[in-house]
Amino acid sequence: MAQCKTTLRLESAEQSASRGVTGLAHLIVRVYGRSQLPHGSDCLFCKIVAGEIPSTSVLDTDHAFAFLDINPLAAGHTLLIPKRHYTTIDEMAPDDLCSVIEPLAGLVSAVKSATGAEACNILQNNGTAAGQVVMHVHFHIIPRSPRDGLGFRWNAGKYSEHQAEQVQQDIRAAMNKTGRNK
Ligand code: 5GP
Ligand code: ZN
């Protein structure tokens with residue numbers, strides 16, 4: 001089982017402002033240099049990690065970077081991404097994934113506290129058919145409040161007889177095949 005260890009460092013608004021980070025962005029910042037990891041040459045989020053494209057960052061660890069979505073569904077809508085380039089989450093080894101999402105709980109808590117939101121949706125569009133537009137793995141943290149008007153089309157269905165058991169077996173078999181069932 002992968003172990004997750006990261007310490008978040010809280011930074012004051014003044015410290016953040018002196019680094020050009022303002023507003024919500026000052027809430028959580030782990031001060032590390034920008035990643036020198038290799039990246040997809042045409043990848044927007046790799047360019048953001050490398051500092052080639054500006055972003056309103058809120059978190060910077062060895063493995064993860066978080067910044068405000070440029071077109072927010074609500075104020076404080078944040079994107080948490082791996083510094084290393086992966087197109088989809090299923091490309092990631094457990095340790096890589098663990099180190100990226102390790103700050104997620106703290107980030108959610110800070111976003112809620114900063115925005116006054118009651119709740120958050122964590123959304124991860126994985127692949128084009130799932131709505132992924134930027135092909136670098138990212139987790140949306142979307143602040144929610146009771147009457148914010150945001151919603152999802154959630155056309156829930158029902159399994160036919162024995163279908164769930166068949167799907168269960170197929171998923172378990174696929175997990176065993178890849179050796180990723182631990
Ligand atoms: P996806 O649909 O791929 O899950 O979401 C990609 C997200 O990236 C969108 O919510 C979009 O607003 C955001 N985004 C696209 N380009 C930029 C950018 O240049 N800067 C920032 N901060 N966010 C971006
Ligand atoms: Zn990338």
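Quick notes on this structure:
- Qualifying aspartates and glutamates (Cα of each under 15 Å from Cα of LYS83; at least 8 residues distant if same chain): ASP42, GLU52, ASP60, ASP62, GLU91, ASP95, ASP96, GLU102
- Packing-based order for 76-86, 160-170, using average beta carbon neighbours within 10 Å, highest first: 76-86, 160-170
- Calculated FRET efficiency, GLU91 to ALA119, Cβ-Cβ distance, R0 = 35 Å: about 0.75 to the nearest 0.05.
Rule-based calculations on the coordinates, nothing more; no lab input. Just so it is clear, the model here is predicted, and its values are computed rather than measured. Note that each Cβ is placed from the backbone with ideal geometry, even for glycine, and that neighbours are counted across all protein chains shown.
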